[in-house]
Amino acid sequence: MGKYIKYEIKGSYKFILGIITILLVAFSLIQMNIYKLSQQSNAVQNLKVTPFITGISGLVVFGAFLTAFFYIIGSFRKELYENRGYLTFTLPLTGNQIVGAKFIVAMMWFIILGLFVVVYNLLLGSIIFSNDWIANMKDIIQLLREILNQGTIALGVLGILSSIMTLILIYFSITVSRVSIRNKKLGSLWFVLFLILNGVIAYVILKINTIFPYYMDINVFEISHIDNVNLDNVNFVSQTVKNMGSPILLNDNCCNAYINITGLITKILITIGSFLGTGYLIENKIDL
Amino acid sequence: MDYIIEIKELSKQYFNKKALNNISINIEKGKIIGILGPNGSGKTTLIKIITGILRQSKGEIKIDGKTPGVYTKSIVSYLPDRNFLYPWMNIKDAIAFYKDFYKDFDEKKAYELLDFMKLNSKSKISSLSKGMTEKLNLALVLSRKAKVYVLDEPIAGVDPVARDQILNAIIENYNKDSTMIITTHLVRDMESIFEDIIFLKEGEVFLARNAEELREERKMQIDDLYKEIFG
């Protein structure tokens, strides 16, 4: 599988480098504009432009990730619908090895893009706005310490798990669509299938969360029924959704988090099942 | 007898169309077999099942005693009838790729074949002409010391010079311990290298015999026999 990962990287790194280059130019321009504005004395003008720049930055990041996302999905789809599949699927590899390699490389690119956005902006900001690098870095580390509490970590873990599940469900939908419909023109049906699957899974997890309301306090890693969860200082949103199958409950300052353990396990099992299902279909059912 | 491929009552159906209908063939080790038939006779379908990229609807197939899968893919060297290499590669990448994935790949032989085919290892795959692509693909496939070679239309759509180079490469690099299965409808150009012939007609085995015996018995070349059967 390692060798296949190597060729997946070789085949896609130029595109990702292209995205990184665009991000580099875009964030350099954005930060320089912020610096210019900060040098102006018109505070009212700055106040009006700041949300605009923040919005543009958000759009740039969103656009970059979306482009990478479609490229990665497109690359998987090409294996099933284009001539390159004749090479990939005659390699002495199992279906799981092929899907696994594609998944690992996809996640690697997302992590690299994410790290690039954060690190480049922090470094550029430090260079443009201050000469005191060490003090800036200390500030940033302090800020990260404040942000990274149990609540944000729990939300982050759930977010990452959801992203992993989404990508694998897309692989699964594309493969099922290819196995059941040979016509390339109808190949986009995978998207409909993905939406249906996603909806069904969300509903199932919500039901499971409601039927089995067992939450893990990630402060002490103890599992208890929702009735036994100390909800005194659980925040308003969590109070509202606590009986609606919420996957997570947070307290007011987000320093304590409770994750619905059955829903989490279900999500992990569905992800593993979809991965193995995709591997099985690729190995045993694909007709090129 | 020692069979490398055993096919028993094999059928492949696409909705209401039967691409292969109840085929039973045993292929001996160490032979060059020509699978002949017009378009739509089931040649490519049969080859795809052998190479493990198409599943039969019914019947059984064993390659070196195993059903098509990871093992059989490691012993079958397949030349599809299309450009299957990744477009981002150059020829050197393609050779490194084969070397990485196939233990039986002989890198030295690959470069010798490239010289023979007059191909530059720095050329991009996407920049190669149809004939050059076909020659490169064949060089990669023949550089493996595989138990089974499967060549699907190796000389279709290439100019006469490239055709001769490809035929010479096949003849000179054929390994006597291996089995080679070649499909073609350009029978005249290739018949001299076939030891056994399988004629496929409308998804069924119409005739399967030793090529020399057929020539003697029918008093005609295989190409003429092909025209008689399918004409």
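The values are calculated or read from the model by the stated rules, or taken from the named source; none is laboratory data. Only a predicted model underlies this, so the values are computations on that prediction, with no experimental measurement involved. When we count neighbours, we look across all protein chains shown, and the Cβ atoms used for this are built from the backbone with ideal geometry, even at glycine. Side chains included, ligands, DNA and RNA excluded: accessible areas come from the protein's heavy atoms. Shrake-Rupley method; radii C 1.70, N 1.55, O 1.52, S 1.80 Å.
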>> Checking the structure you have, find out if any residue of region B:138-146 is of a type in the set (Gly, Ala, Ser), under 22 Å from residue B:30 (Cβ atoms) and not in a helix (DSSP H, G or I).
In response: yes
>> When the residues of region A:90-108 are narrowed to those that are within 13 Å of another protein chain (Cβ to nearest Cβ) and open to solvent by less than 10 Å² (accessible area, probe 1.4 Å), which ends up farthest from residue B:79 (Cα to Cα)?
In response: A:101
>> With outside any helix (DSSP H, G or I) and surrounded by 15 or more Cβ atoms within 10 Å (Cβ to Cβ) as the only criterion, which of A:177, A:224, A:173 stands out?
In response: A:224
> If you go through region B:107-126 one residue at a time, do you hit one that is crowded, with 18+ Cβ neighbours inside 10 Å and hydroxyl-bearing (Ser, Thr, Tyr)?
Replying inline: no
>> So, residue B:85, is that one in a loop (DSSP other than H, G, I, E, B), more than 16 Å from the chain's Cα centre (by Cα), facing another protein chain (nearest Cβ under 9 Å) and in contact (Cβ under 8 Å) with a residue 40 or more places away in the chain or not?
In response: yes
> How many residues are within 14 Å of chain A (Cβ to nearest Cβ), closer than 16 Å to residue B:197 by Cα and in a loop (DSSP other than H, G, I, E, B) if we restrict to region B:4-54?
Replying inline: 0
> Going by the conditions given, is residue B:208 open to solvent by 10 Å² or more (accessible area, probe 1.4 Å) and not in a helix (DSSP H, G or I)?
Replying inline: yes
>> So residue A:152 passes all but one of these: (1) in the same structural domain as residue A:268 (by TED's automatic domain parsing); (2) farther than 17 Å from residue A:267 by Cα. Which condition number does it fail?
In response: (1)
>> Regarding region A:67-89, can at least one residue be identified that is over 30 Å from residue A:285 (Cβ atoms), away from chain B (no Cβ under 14 Å) and either at pLDDT below 95 or open to solvent by 40 Å² or more (accessible area, probe 1.4 Å) (or both)?
In response: yes
> Within the group B:170, B:155, B:166, which residue is in a loop (DSSP other than H, G, I, E, B), within 14 Å of the chain's Cα centre (by Cα), more than 10 Å from chain A (Cβ to nearest Cβ) and buried (at least 21 other Cβ atoms within 10 Å of the Cβ)?
Replying inline: B:155
>> Can you find a residue that is under 28 Å from residue B:71 (Cβ atoms) and more than 20 Å from the chain's Cα centre (by Cα) anywhere in region A:70-78?
In response: yes
> Going through region B:74-92 one residue at a time, which ones are over 24 Å from residue A:288 (Cα atoms) and either open to solvent by 20 Å² or more (accessible area, probe 1.4 Å) or of a type in the set (Ser, Thr, Tyr) (or both)?
Replying inline: B:90, B:92
>> If I ask for residues that are facing chain A (nearest Cβ under 7 Å) and surrounded by 21 or more Cβ atoms within 10 Å (Cβ to Cβ), which ones from region B:55-73 would you list?
In response: B:73
> Which condition number in (1) modelled with pLDDT of 75 or more; (2) more than 14 Å from chain B (Cβ to nearest Cβ) is the one that residue A:129 fails?
Replying inline: (1)
>> Looking only at region A:257-281, filter to residues that are open to solvent by 10 Å² or more (accessible area, probe 1.4 Å) and under 30 Å from residue B:46 (Cβ atoms); which one of those is farthest from the other protein chains (Cβ to nearest Cβ)?
In response: A:277
